[in-house]
Structures are given as C-alpha cells and as structure tokens.
Amino acid sequence: MSALARLLGIAGYSGSGKTTLLEKVIPILRQRGLCVSVIKHAHHDFDIDRPGKDSFRHREAGAQEVLIASGHRWALMHELRGEPEPSLEELCTHLSPCDLVLIEGYKFSSIPKLEVHRAKTGHPLLYPGDPQIIAVVTDSREALPVPTLDIDAPQQVADHILNYFSFAKR
C-alpha cells in the first residue's frame, strides 16, 4: 500500500448505518478523483465462497491460500488455520496503492474515525471515550462538542473527509 494513503475508520454499533453510509460516500469520493479502498472487519466466521465451488473445495482440502481470478476481478482467500487475526497494519500491506482506505469496524483502533450513530438504536455514543473520533455522523440534532454531520447528507460527509485530509479540490 502507498505510504501516502490515508486511513479513516468508520465506527459504530451494528445497525447504525456504516455500510449504507459508505455506499453513498464512496461514489462521491471517486467522482472527486480519489482512489478508495475498504477494509471491512467481521466479528464472526464468514465465508465469501460457496460450498461445492472449486475454490471452496480447495480450501476445505487444506490449501493455505486460494486465488480466484476472472476477466472482471480477482480475490485472494487466506485461511488462518489457527494463526492470530492479522493486525489492521498488516492487512493494509496487502492493498494496492490508493489515496484513502476506509475501514469499517476496528472501532477501537488508533486511527482517525467517523462515528456513525443512530439515536433509535439506543446505543451510547463512542466519541466521549475515543479521542480518535473526528466527527459524529448522526440523525440526532443534539449539540455535541465534536463536529456533527447529517447521516442523510453524504456530500457533507465526503466534504468533511476531503477537508480533514486536505485533499486538493479535484
């Protein structure tokens, strides 16, 4: 990964709208000329492959890594097989050069973060206990001591990201 890439966490409790927000913000950042990558943390056993497919069968047979490629995309699956979960820093080394890496999850990492919070979920805000939170993206109109961004205004969120990292207007 490029040493110039910036990392920004998108943190919040399940159901807060992190993925939906990224779906809206990423195209805006791309339109502004940024190359954006995403790392998504899963808190459970997950699989992007389906039972019965060749690549699934190769992994089940014991392959450490399986790379699947086509004319449209490629994916590398690496089985940990008892190894510890890789750190965020290690995962970043596997990415191609880009301008910005958005990281969904890893809410306790030491990187700048946007907190996504919906009042109706009943979860407390993370920002009081996390000095890395640079803004709260929310549906609440409550006044906070950190910048608050409207969860329904993805352009506002994208502008905040661009300004935070001092990306030149593109």
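For Leu8, the test of being crowded, with 16+ Cβ neighbours inside 10 Å and part of a loop (DSSP other than H, G, I, E, B) is failed. For the stretch 83-132, the candidate set comprises residues that are at pLDDT below 90 and aromatic (Phe, Trp, Tyr); within that set, the residue that is surrounded by the most Cβ atoms within 10 Å (Cβ to Cβ) is Tyr106. If you take the residues of the stretch 120-170 that are part of a loop (DSSP other than H, G, I, E, B) and of a type in the set (Asp, Glu), which of them is farthest from the chain's Cα centre (by Cα)? The selected residue is Glu142. Considering only residues of the stretch 65-79 that are in contact with a strand residue (DSSP E or B) (Cβ under 9 Å, 6 or more places away or on another chain) and surrounded by fewer than 11 Cβ atoms within 10 Å (Cβ to Cβ), which is farthest from Thr20 (Cα to Cα)? If we take residues in the stretch 65-79 being in contact with a strand residue (DSSP E or B) (Cβ under 9 Å, 6 or more places away or on another chain) and surrounded by fewer than 11 Cβ atoms within 10 Å (Cβ to Cβ), then Glu65 is farthest from Thr20 (Cα to Cα).
Residues in the stretch 68-79 that are touching a residue at least 24 places away in the same chain (Cβ under 8 Å) and either out of contact with any Asp or Glu (no Cβ under 7 Å at 6 or more places or on another chain) or assigned to a loop (DSSP other than H, G, I, E, B) (or both): 1 in all.
In contact (Cβ under 8 Å) with a residue 60 or more places away in the chain, buried (at least 16 other Cβ atoms within 10 Å of the Cβ), charged (D, E, K, R) and within 28 Å of Leu144 (Cα to Cα): is that true of Lys40 in this structure?
For Lys40, the condition - in contact (Cβ under 8 Å) with a residue 60 or more places away in the chain, buried (at least 16 other Cβ atoms within 10 Å of the Cβ), charged (D, E, K, R) and within 28 Å of Leu144 (Cα to Cα) - is not met.
Here is a yes/no grid of residues against (1) among the charged types (D, E, K, R); (2) surrounded by fewer than 10 Cβ atoms within 10 Å (Cβ to Cβ); (3) not in a strand (DSSP E or B):
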residue	(1), (2), (3)
Thr20	no, no, yes
Ile26	no, no, yes
Phe46	no, yes, yes
Arg50	yes, yes, yes
Ser55	no, no, yes
Arg59	yes, no, yes
Ala63	no, no, yes
Arg81	yes, yes, yes
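Residues that are at pLDDT below 90 and within 14 Å of the chain's Cα centre (by Cα) were ranked within the stretch 15-67; the one that is farthest from Leu102 (Cα to Cα) is His43.
The values are calculated or read from the model by the stated rules, or taken from the named source; none is laboratory data. Model, not experiment: these values are computed from the prediction. Reconstructed Cβ throughout: ideal geometry from the backbone, glycine too, with neighbour counts over all protein chains shown.
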